[in-house]
Amino acid sequence: MSFWKESGYSYAKIVEMPERELSLLVNDMTRKDIQEWLIWNDPNGIYGDAQSLKELGNVLSREEGLRILLRQVKENRTIG
């Protein structure tokens, strides 16, 4: 089952979380969970494995995905 369905968190909810709670939450996220959020948050990005392999020649690692997720959360907080 998807982390998002199992945890009860919405995609948008993590942008509103305090930093400490967010840090704890992302530790439980898999690479696929992170990809799912990134694809939702930035549908024009290249996060899915098939598209990433085709356009970049590799897949997004969990570590890189997490860096991007945290950056996008921070950016969304400054916009809102």
Could you go through region 8-24 and let me know if any residue there is touching a Ser or Thr at 6+ places or on another chain (Cβ under 7 Å) and either without any contact (Cβ under 8 Å) to a residue 24 or more places away in the chain or not β-branched (Val, Ile, Thr) (or both). no
From the options Gly65, Gly45, Gly57, residue that is of a type outside the set (Lys, Arg), under 17 Å from Ile14 (Cβ atoms) and without any contact (Cβ under 8 Å) to a residue 24 or more places away in the chain: Gly45
Filter result for Ser52 (assigned to a helix (DSSP H, G or I), of a type outside the set (A, V, I, L, M), more than 11 Å from the chain's Cα centre (by Cα) and surrounded by 14 or more Cβ atoms within 10 Å (Cβ to Cβ)): yes
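Residues are listed down the side, and each one gets a yes or a no for (1) surrounded by 14 or more Cβ atoms within 10 Å (Cβ to Cβ); (2) part of a helix (DSSP H, G or I); (3) out of contact with any Pro (no Cβ under 6 Å at 6 or more places or on another chain); (4) modelled with pLDDT under 95:
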position: Ile14; (1), (2), (3), (4): yes, yes, yes, yes
position: Ser23; (1), (2), (3), (4): no, yes, yes, yes
position: Val26; (1), (2), (3), (4): yes, yes, yes, yes
position: Gly65; (1), (2), (3), (4): yes, yes, yes, no
position: Ile68; (1), (2), (3), (4): yes, yes, yes, no
position: Lys74; (1), (2), (3), (4): no, yes, yes, yes
position: Arg77; (1), (2), (3), (4): no, yes, yes, yes
Identity of the residue in region 40-49, outside any loop (DSSP other than H, G, I, E, B) and modelled with pLDDT under 95, that ends up nearest to Asn76 (Cα to Cα): Asn41
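The values are calculated or read from the model by the stated rules, or taken from the named source; none is laboratory data. Just so you know, these numbers come straight off a predicted model, no measurement behind them. So basically every Cβ, Gly included, is an ideal-geometry build from the backbone, and we count neighbours across all protein chains shown.
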